[in-house]
């Protein structure tokens, strides 16, 4: 359909960082076809059949991009809190996954996660998990854009018998979705401690063959670095460089324990970074030196990780905490300023995923993934700097409408195509089942 969306501000996130006041944009089908002043747009498009969205107190910005999550793990939200990563994984999450992981679990969990993400402004998410067809089915039903990586590890899970089995599933998934409008297939070798050198290099070979991104956990804990030094005689990033892993589009999650040399290596190979500050703080894994990374030109973005370790999928909360924490640990209030912070949620995230030709900014020809926020709220007044208002004051509940691929998926804070209560009821059903097997 064709539609006009108006706003008091349009934050474009284009190369010039343009902000248009009292503006509007026109979408036709899935794309943005015009951007300008509201009065001019209205004069040009006089057809009363063209619907108008937004109002004089609306803020328009590109849809947020969550560059690292495990969506279905939302069903483990709150199941094992206040624990270090290895204990959390080995004693709680992995045992539960061995009992519960199934196509149905992943489908229902992903639906719940997609609903939460959409209502807080996320229009694209980068997922690493199993039963990828269930993830894709849920994402398409909820009408959200998704980069979906088949999880690859060297041991058996309820979803596969080992690396070769996961690779087979990955190829099948890539073949099915390689031309899909909303699903971008990927490969997701879990980490250097769960994937052998051979597995890591095969993921590279297949990714280059099919021209798909790779998604990996990297240097998440000090324990991981120490183990790498013991086993490989070098740090994780150096190890991946030495085996020839860094080629093509790669997004690395966490990247907490990086040396200056490793940051240089990642910058040279244009590796994207997904900073997951809330999960990292909660699991006491550490704080990534992202201000250093940004100075070196790394494509730093934001991820929520799974809701099992966050415990929400709200990128507005994530970005606000990330900005403040970097100031605190560096002793420099100027680092991670508000404009840079919003880039991490939008255009830098799109670049990290290799999707900046499609999404990440409001520009003519790009996909119409748009977040509409209502600025007429007590906690958003007075308004002096629109970027500051978003990063330090705005809440997910301020988001009224969300367009994905030109479709108004969220209107007046309600999903237009699914029964929200049914999704919540199913989550409660899974909670009871999880308690019974715990």
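Structure data summary
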item: Flag for residue 123 being over 25 Å from residue 219 (Cα atoms), at pLDDT 95 or above and outside any helix (DSSP H, G or I); result: yes
item: Unique match (being touching a strand residue (DSSP E or B) at 6+ places or on another chain (Cβ under 9 Å), surrounded by 15 or more Cβ atoms within 10 Å (Cβ to Cβ) and either free of Cβ contacts under 8 Å to residues at least 60 places away in the same chain or at positive phi (or both)) among 3, 24; result: 24
item: Residue match in segment 203-211 (condition: farther than 26 Å from residue 133 by Cβ and touching a residue at least 12 places away in the same chain (Cβ under 8 Å)); result: no
item: Residue in segment 287-296 that is at negative phi, in the same structural domain as residue 246 (by TED's automatic domain parsing) and free of Cβ contacts under 8 Å to residues at least 24 places away in the same chain present; result: yes
item: Filtered residue count, segment 42-83, keeping only those that are surrounded by 14 or more Cβ atoms within 10 Å (Cβ to Cβ) and out of contact with any helix residue (DSSP H, G or I) (no Cβ under 8 Å at 6 or more places or on another chain); result: 12
item: Residue within segment 170-185 that is at pLDDT below 95 and farther than 27 Å from residue 409 by Cβ present; result: no
item: Checklist (1) crowded, with 18+ Cβ neighbours inside 10 Å; (2) touching a residue at least 40 places away in the same chain (Cβ under 8 Å); (3) closer than 21 Å to residue 267 by Cβ; (4) over 16 Å from the mean Cα position of the chain (by Cα) applied to residue 329, failing item; result: (1)
item: Some residue of segment 84-101 being free of Cβ contacts under 8 Å to residues at least 60 places away in the same chain, surrounded by 15 or more Cβ atoms within 10 Å (Cβ to Cβ), in the same structural domain as residue 189 (by TED's automatic domain parsing) and part of a helix (DSSP H, G or I); result: yes
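The values are calculated or read from the model by the stated rules, or taken from the named source; none is laboratory data. In this text the structure is predicted, and so the values were computed from the model without any measurement. Positions of Cβ are backbone-derived with ideal geometry, glycine not excepted, and every protein chain shown enters the neighbour counts.
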